[in-house]
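Here's the structure we're looking at; comments come further down.
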Amino acid sequence: MATDNRINFWRRNTKVPGSVQPVYGAQHPPLDPRLRRTYPKDTKPKFNNLKSKKACSFHEFACSTNDAWDIDDEEDDNFCGTPFSASFTPSGQDLTSVHNQQLRHQTGETEPVLPHILTPPRDEGHNSQRDDGSECERVNGKFVKSSSDADLNTTSVRSSLQKQQSLPVRPIIPLVARISDQNASGAPPMTVREKSRLDKFKQLLASPNTDLEELRKHSWSGIPREVRPITWRLLSGYLPANKERRELVLKRKREEYFGFIEQYYHSRTDEHYKDTYRQIHIDIPRTNPLIPLFQQPAVQEVFERILFIWAIRHPASGYVQGINDLVTPFFVVFLSEFVTEDVENFDVAALPLETQRNIEADSFWCMSKLLDGIQDNYTFAQPGIQNKVKALEELVSRIDVDIHNHFKKYEVEYLQFAFRWMNNLLMRELPLRCTIRLWDTYQAEAEGFSHFHLYVCAAFLIEWRKEILCMVDFQSLLMLLQNLPTIHWGNEEVGLLLAEAYRLKYMFADAPNHYKR
């Protein structure tokens with residue numbers, strides 16, 4: 001009877017906030033349970049007693065979910081234990097920042113705690129149990145709530161992380177993985193095979209006319225850190241194959257970019273462009289918010305200039321949210337040319353001004369080359385993304401009919417999770433170190449970003465087949481697909497993903513014929 005009273009109270013009382021219905025198929029993940037307010041002990045609902053009424057499809061979920069937040073609720077002072085302005089509504093990666101600020105406030109930690117980009121704990125960070133049964137991790141000698149337990153408050157969703165939790169403890173991989181290669185400081189020495197590969201790259205790059213086909217062939221399985229910057233410039237079409245012309249081309253293109261800055265950047269405050277600049281200015285701090293490198297004012301100003309100049313030179317699309325992510329791999333790779341320490345913590349302002357300007361110009365031109373091949377992703381109504389998501393649905397229906405039917409059964413639309421995969425090229429799903437390795441192969445492929453990416457997305461989805469089929473309701477499925485546990489991934493996992501994508505490409509090369517037209 002007491003349980004029934006609590007359930008009825010929960011349904012009737014407008015002073016108790018309910019769940020906020022997430023927006024699916026957009027840029028933002030579902031609202032994190034930690035952002036919900038605390039409740040009086042005698043009124044907090046016991047969700048475990050409602051299992052029999054759990055929504056199994058989107059229709060049931062939508063009917064049983066409503067927005068019951070009361071802005072004037074006197075409990076606002078206890079909102080997550082932190083005073084918060086009712087007019088402030090975090091979204092997208094802002095939620096990420098809020099989560100970490102709250103956890104750091106509660107635990108006294110100075111480093112952010114978040115599952116998406118952070119590296120796995122060291123040996124002393126094994127999980128332990130609190131008295132209340134909640135799972136905890138030791139970080140810097142202190143206990144903090146386990147990321148899986150803090151993010152996902154349902155048993156079914158926690159089970160989606162079993163794959164990650166069952167893995168053996170791995171060595172710490174820095175956020176950017178020192179560009180994720182073997183010759184970074186503190187990493188093991190190169191093997192004979194790795195040294196041989198590096199020598200082959202140097203030989204190709206030193207020839208008077210670089211054989212680009214041979215360079216693509218060797219780049220497909222990853223590019224050594226030392227030669228990645230010049231290799232990316234060549235494969236993107238920014239630099240010519242002729243070695244004698246490279247310095248002249250670099251000088252001319254860099255001067256051309258800063259000519260654009262002088263000609264156009266002052267117009268960012270004009271009535272015609274101020275909305276574009278405002279959106280860029282808002283999005284830049286959200287770009288990789290947990291990596292200190294991207295929170296430096298000098299770096300954010302570089303990104304603002306790059307994105308604004310690109311936007312006004314491409315009026316058909318202009319600036320679209322998501323393009324800001326595509327600058328980061330180029331910037332990190334070209335910065336690594338001048339940095340031997342941890343890139344993610346390097347102070348860019350310490351570099352000579354000329355070096356900073358060169359990194360900025362090269363990042364702009366290489367990003368422009370990438371976007372030239374996928375600009376229909378960002379034109380009005382984003383038809384490129386719509387077509388690619390439809391193509392992914394058709395491809396998965398042929399590759400794995402069980403997953404496809406599972407989505408249909410629980411009314412999960414591919415657009416609800418794959419839109420972000422196409423819009424951000426999986427950058428929100430993978431750590432930055434993995435994105436850089438992934439782009440080695442994309443640039444080696446003739447249509448890597450526009451066509452091969454489709455098969456990578458299909459392989460990425462199939463990778464989580466077991467976890468997907470274990471989810472038996474709409475909400476848990478979508479939460480899994482929007483929070484896939486890839487924090488432990490490195491070059492090995494990305495290599496296997498690419499190998500599977502390559503296999504799918506040649507088994508189902510005719511899959512979405514309309515997509516290639």
Given a 1.4 Å probe and the protein chains all in place, what does the accessible area of residue 207 round to, in Å² to the nearest 10?
30 Å²
Result for the range 396-517: accessible area per residue, probe 1.4 angstrom, in square angstrom, of 34 Å²
Ignoring ligands, DNA and RNA, what accessible area per residue does the range 205-320 give at 1.4 Å, in Å²?
48 Å²
The local net charge around residue 259, scoring Lys/Arg +1 and Asp/Glu -1 for residues other than residue 259 whose Cβ lies under 11 Å from its Cβ, equals 0
Rounded to the nearest 10 Å², what accessible area does residue 470 show when all protein chains are kept and the probe is 1.4 Å?
80 Å²
Separation between Cα centres of the range 433-507 and the range 343-365, rounded to whole Å:
31 Å
For the full complex of protein chains and a 1.4 angstrom probe, list 471, 507 by accessible area with the highest value first.
507, 471
So, in nm, how far is label residue 263 from label residue 298 when the simple model puts each one 7 Å beyond its Cα toward the Cβ?
2.8 nm
Taking 0.36 nm per residue of sequence separation and subtracting the Cα-Cα distance, how much length would be gained by fully extending the chain between residue 203 and residue 271, in nm to one decimal?
19.3 nm
Of 195/253; 195/466; 243/505; 202/251; 202/253, pairs whose Cα-Cα distance is over 30 Å:
195/253; 195/466; 243/505
Take residue 402 and residue 253, extend 7 Å from each Cα along the Cα→Cβ direction, and tell me the distance between the two endpoints in nm.
4.7 nm
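The values are calculated or read from the model by the stated rules, or taken from the named source; none is laboratory data. Predicted model only: the values in this text are computed from it and were never measured. Here Cβ is always computed from backbone atoms with ideal geometry, including for glycine, and neighbour counts include all displayed protein chains. In case anyone asks, the SASA skips ligands and DNA or RNA and just uses the protein heavy atoms, side chains included. Shrake-Rupley method; radii C 1.70, N 1.55, O 1.52, S 1.80 Å.
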